[in-house]
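Below: one structure, written as structure tokens.
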Amino acid sequence: MNCREARELLPWLAAGTLPPEEMGGLLAHLAGCPACRAELAQEVRLSQEVRAAMESLPGAPKGTWERVLARTRGIPIGKLELGSFLVGLSFGLSLRGGRLPLSGELEVLGRKVPLFEIEGGAR
Amino acid sequence: MADDRELLSLVAARDEAAFQRLYGRYADRVFRYVLTLLRDHHLAEEVVQETMVAVWRGAGSFKGGSQVSTWIFGIARNQAHALRRREARGAREPEEPLVLPDPAGPLEREGRVLAALEGLPPEQREVVVLAFYEGLSYREIAELLGVPEGTVKSRMYFAKRKLREELT
């Protein structure tokens, strides 16, 4: 491997995503090339700076999760629950994107297991 | 701790707690990635919503041929491009620059890096963000962008050269 080939791979080594099969040749080159080792140090610094800069940007706004959830659950229309606090069955009907999906859940000791969801009831 | 594939298979079985954990892992990352594409906080949030709803609906169809992260960023990228086309028809300008207003103190360096990132051509900026922030390999980025691996390496080469010029 020459310096040009090595430098093409250095950013990916710095990012920690270099494929294992390319690692050996690159490390062998770096062992004997001080210039490429210095280049790697700069690559590592740049990758850390980009990561820190991106982390300084705001994340997804508060309330986004609730909006996602509302869209995946739909607007509840009705729910039928059967059973006790140990074991229960529930069936829910909701309005979601113009459809009326019917879903069923089994609840055992507080742990909910989805049973089915039928995307029925077109607009 | 469950890995992404395990979480996604739980999401496919309609496990809401797993979906929330997956959301927690990706929402901010997708938001920031899309922010670098669209430079609009409202649109970026819309893309996060669309992406996560698509993950919920499409989890069962994930074939496992790629990393979950590549799949999710691919959905986000498609949604961002669709929104960009929609906004272009409405002739709306990007809302804000990437750089935070009046960066000071410990944020000064981050502000300079963000300004340098913003100065890159979009296709180079995207490779840098996906590689250094999202942690995708050049193969995953090539798959995500639909370009040859050599193109990804070349974009990275020119991007880092320009970044270093700007930051030194």
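The values are calculated or read from the model by the stated rules, or taken from the named source; none is laboratory data. Predicted model only: the values in this text are computed from it and were never measured. Methodologically, a virtual Cβ is constructed for each residue, glycine included, from the backbone with ideal geometry; neighbour enumeration extends over all protein chains shown. Heavy atoms of the whole protein, side chains included, go into the accessibility calculation; ligands, DNA and RNA do not. Shrake-Rupley method; radii C 1.70, N 1.55, O 1.52, S 1.80 Å.
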Of the heavy-atom accessible surface of chain B (probe 1.4 angstrom), what whole percent is carbon and sulfur?
50 percent
Using Cα-Cα distances under 8 Å and only pairs 6 or more residues apart, what relative contact order does the range A:3-56 have, in percent?
45 percent
Suppose every Lys and Arg Cβ carries +1 and every Asp and Glu Cβ carries -1, with no other charges. What dipole size does the range B:3-54 come out with about its Cα centre, to the nearest 20 debye?
140 debye
Selection from B:Val152, B:Val129, B:Val55 lying farthest towards where the dipole of chain B points positive, charges on Cβ:
B:Val152
Nearest-20 debye value, the range A:13-81 charge dipole, Cβ charges on Lys, Arg, Asp, Glu:
500 debye
Farthest towards the positive end of the dipole of chain B, among B:Leu167, B:Ala115, B:Gly65 and with Cβ unit charges of +1 on Lys and Arg and -1 on Asp and Glu, lies the Cα of B:Gly65
Could you tell me, in Å, what Rg and Dmax come out for the Cα atoms of the range A:3-56?
11.6, 37
Would you mind giving the mean number of other chain beta-carbons within 10 Å of the Cβ of each residue in A:4-13, as a whole number?
3
Phi to ³J(HN,Hα) by Karplus 6.51 cos²θ - 1.76 cosθ + 1.60 over the range A:51-57, Hz, x for Gly, Pro
4, 5, 5, 5, 5, 7, 6
Given unit charges at Cβ for Lys, Arg (+) and Asp, Glu (-), the dipole magnitude of chain B about its Cα centre in debye, nearest 20, is 520 debye
In square angstrom, what is the accessible area per residue of the range A:3-56 with a 1.4 angstrom probe?
47 Å²
In terms of the alpha carbon gyration tensor, root eigenvalues a ≥ b ≥ c, rounded if a/c is under 1.5 and otherwise prolate when a/b exceeds b/c or oblate, chain B is prolate
Sorted by average packing, counted as other Cβ atoms within 10 angstrom per residue and highest first, what order do A:24-33, B:7-16, B:78-87 take?
B:7-16, B:78-87, A:24-33
